[in-house]
Amino acid sequence: MTFSSNLLSLTIDAHLWWDWQYAAGWRENIRTICFPAPGMNIGVMCSKALTDQLVKALTDAWLIYRSPARGYYGLLTITINDTVVNTSVPEDATPSVPLIETSYQNNRLVIGLYGKEGYTTQNGTWVNFYGQMIPVDQYSRFQAYLEVRQGRPVNPMSPSRRGIIKDEALNKLCDFIRDSLFEYFSRTPIEEIDPLALSQFYRDYPAQASKLPRFVAARRKRYESGDDVSKMTSLSAPQVLSYENPPLLLADKARVIREDGIIDSVEYGLHTFLELTGAAYKVMEADDSRLDIRRLWWKPGEQIQIENGCPQIFHKAGQWGLGTEQEPPVEWREINNHVVFAFNDPNNWDVDKVDFTVGGADPQDFYQTDAWAGFDPSNDQGRSREEMSESYQESCEREIRNLIGNAVPKNFSWDDLLRFVPEGEQIIAVTPEYKSRRKHRPMGVILLLSNDEMVRLSLF
């Protein structure tokens, strides 16, 4: 393979190129020629099989993304066997979410996010050096595409240009990319900034991001009765906010003051207080030292004593307030007509294994609805979701029976009734029991068994 340009030529034996000593001494093969060669001439002595592979590499749709012709648009028009060769820039060399189009040393520069999901790329910068696509080995969540058509803003490795030399020229380009992003996030109107892009800037350039006038936060969603633990910390889509006038910012874990004075941090339960606090946000990416991030504190009221061996987890609602990590609230507020609760350890099998502290709730209502906040469907331990859900449901019904005696759900099944039938006996009749003749809905049912015994069951 011989490369000729002007009065110089370089001949390379491709078979020996992988010998590092031969490759390192490529300069020894440079020769002076008698007549100047215009432009760049490449002469190759090869087999027909290699020629076929070259044609395939330049024209085959499956290999086109690897074609060496990609990047030469506007510079070369290439045809091979009357087929036009694709010279466009490869898609993976340009940002999928472009943010900035600017000029660097009179050359076009595009900067943006590598991907819409915020993944990192090994090639944070691509340089189109007069048509040749050269990746820069640099991990980043951002990607830059520099199209060199004037001068030499960076220095490709000689002779193959397989990469860019990591020198002062490359450092200046990287600094320009960083500073351009800082300027973009500083001056662009808040409503036009992609929260994901700003989040990635905080992660890639924390020192510069800490000086920005904006940060990223997400509004905490209120707890909905019946939600399981996977929804107990739900957030709305992230937003870009200003440091100058931020909304209420709440830290993740609430602080609970027990009756004995012990203070606990709880993983779950904060969202049950959001009707009391109003709109509250979780800080996603910011310089926390510039923000007043509050901590919710809860002081449960007097414990409610329940008989029949039920867990002693129920309290009067008590008081709440906003303090800091270490300092309790200066002002405490009463919790009126509102159910709140907190816990650290969810469970996928038995409600009694969840370390609930509950305020302001009717115990029976709690086990029918809000107790499901402690159900963890992701902690499967090899069990199916249906199996886990049935077991957790049975444990909630067990606690309700402990509260009100023998009872079955209002939409009971035969399996629910058969739990109260001794082995070897059968149900002869099921009779609804009403509180009075004026009532249309029964308060319970009476089972007549084959041994003439009657079993009264409440409905819940």
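The values are calculated or read from the model by the stated rules, or taken from the named source; none is laboratory data. Everything numeric in this text was worked out from a predicted model, so none of it was measured. Using ideal geometry, Cβ is built from the backbone for each residue, glycine included, and neighbour counts are taken over all protein chains shown.
Are any residues in the stretch 65-87 among the charged types (D, E, K, R) and surrounded by 15 or more Cβ atoms within 10 Å (Cβ to Cβ), and if so, which ones?
Taking the stretch 65-87 as the starting set, the residues that turn out to be among the charged types (D, E, K, R) are 66, 70, 82.
Listed by number, the list holds a single entry, Arg70.
Pairs only if they're at least six apart or on different chains, beta carbon under 8 angstrom, first in the stretch 109-129 and among the charged types (D, E, K, R), second assigned to a strand (DSSP E or B); list them, first residue then second.
Lys116/Val97
Which of the residues belonging to the stretch 88-106 are surrounded by fewer than 19 Cβ atoms within 10 Å (Cβ to Cβ) and part of a strand (DSSP E or B)?
Hits for the stretch 88-106 are Val97, Pro98, Ile100, Glu101, Thr102, Ser103.
May I ask you to list the residues in the stretch 107-132 that are more than 25 Å from the chain's Cα centre (by Cα), surrounded by 20 or more Cβ atoms within 10 Å (Cβ to Cβ) and of a type in the set (A, V, I, L, M)?
Selection gives Leu109, Val127.
A quick yes/no check of all residues on (1) surrounded by 10 or more Cβ atoms within 10 Å (Cβ to Cβ); (2) within 15 Å of Phe3 (Cβ to Cβ); (3) touching a helix residue (DSSP H, G or I) at 6+ places or on another chain (Cβ under 7 Å); (4) among the aromatic types (Phe, Trp, Tyr):
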site	(1), (2), (3), (4)
Ala24	no, no, no, no
Ile33	yes, yes, no, no
Asn41	yes, yes, no, no
Thr51	yes, no, no, no
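Checking Ser9 against (1) more than 29 Å from Tyr145 (Cβ to Cβ); (2) not in a strand (DSSP E or B): exactly one of these is not met. Which one?
For Ser9, the exception is condition (2).
Restricting to the stretch 136-175, give me the number of residues that are touching a strand residue (DSSP E or B) at 6+ places or on another chain (Cβ under 6 Å) and without any contact (Cβ under 8 Å) to a residue 12 or more places away in the chain.
Residues in the stretch 136-175 being touching a strand residue (DSSP E or B) at 6+ places or on another chain (Cβ under 6 Å) and without any contact (Cβ under 8 Å) to a residue 12 or more places away in the chain: 0 in total.
From Ala57, Ala61, grab the single residue that is surrounded by 10 or more Cβ atoms within 10 Å (Cβ to Cβ) and modelled with pLDDT under 85. Quick ask: steps written out before the conclusion?
Details: Ala61 fails: surrounded by 10 or more Cβ atoms within 10 Å (Cβ to Cβ).
Just one listed residue meets the conditions, Ala57.
All but one of (1) in a loop (DSSP other than H, G, I, E, B); (2) under 26 Å from Val283 (Cα atoms) hold for Leu198, so report the exception by its number.
(1)
Mind listing whichever residues of the stretch 176-200 are touching a helix residue (DSSP H, G or I) at 6+ places or on another chain (Cβ under 9 Å), over 17 Å from Tyr145 (Cα atoms) and without any contact (Cβ under 8 Å) to a residue 40 or more places away in the chain?
Hits for the stretch 176-200 are Phe182, Phe185.
Does Glu285 qualify as being charged (D, E, K, R) and at pLDDT 95 or above? Don't jump to the end; show me each part of the working.
On the way: charged (D, E, K, R): yes; at pLDDT 95 or above: yes.
Against the criterion (charged (D, E, K, R) and at pLDDT 95 or above), Glu285 qualifies.
Which of the residues that make up the stretch 124-144 are closer than 19 Å to Leu76 by Cβ and in a strand (DSSP E or B)?
Going through the stretch 124-144, the residues closer than 19 Å to Leu76 by Cβ turn out to be 126-134.
Selection gives Trp126, Val127, Asn128, Phe129, Gln132, Met133, Ile134.
Identify, from the list Trp20, Trp26, the residue that is touching a residue at least 12 places away in the same chain (Cβ under 8 Å) and outside the structural domain of Ile193 (by TED's automatic domain parsing).
Every option except Trp26 fails the conditions.
Starting from the stretch 259-273, keep only residues that are assigned to a helix (DSSP H, G or I), then list their pairs with residues that are among the hydroxyl-bearing types (Ser, Thr, Tyr) whose Cβ atoms are within a distance under 7 Å, requiring at least 6 positions of separation or different chains.
From residues that are assigned to a helix (DSSP H, G or I), the pairs are His271/Tyr223; His271/Thr233; Thr272/Tyr223.
For the stretch 206-243, give me each residue that is aromatic (Phe, Trp, Tyr) and either surrounded by fewer than 21 Cβ atoms within 10 Å (Cβ to Cβ) or within 14 Å of the chain's Cα centre (by Cα) (or both). Step through it out loud before you land on a result.
So in the stretch 206-243, the residues aromatic (Phe, Trp, Tyr) come out as 215, 223, 243.
Tyr243 - this is the single residue of the stretch 206-243 that is aromatic (Phe, Trp, Tyr) and either surrounded by fewer than 21 Cβ atoms within 10 Å (Cβ to Cβ) or within 14 Å of the chain's Cα centre (by Cα) (or both).
When the residues of the stretch 316-365 are narrowed to those that are aromatic (Phe, Trp, Tyr) and not in a strand (DSSP E or B), which ends up farthest from Ala407 (Cα to Cα)? Break it down into steps so the answer makes sense when it comes.
In the first step, residues of the stretch 316-365 are kept if they are aromatic (Phe, Trp, Tyr); the result is 320, 332, 341, 343, 349, 356.
Still in the list and also not in a strand (DSSP E or B): 332, 349, 356.
Details: Trp332: 40, Trp349: 21, Phe356: 23 Å.
The qualifying residue farthest from Ala407 (Cα to Cα) is Trp332.
Would you tally the residues in the stretch 409-419 being in contact (Cβ under 8 Å) with a residue 24 or more places away in the chain and either surrounded by fewer than 16 Cβ atoms within 10 Å (Cβ to Cβ) or within 42 Å of the chain's Cα centre (by Cα) (or both)? Show your work before the answer.
Narrowing the stretch 409-419 to residues in contact (Cβ under 8 Å) with a residue 24 or more places away in the chain: 409-410, 412, 417.
Filter again for either surrounded by fewer than 16 Cβ atoms within 10 Å (Cβ to Cβ) or within 42 Å of the chain's Cα centre (by Cα) (or both), leaving 409-410, 412.
The total comes to 3.
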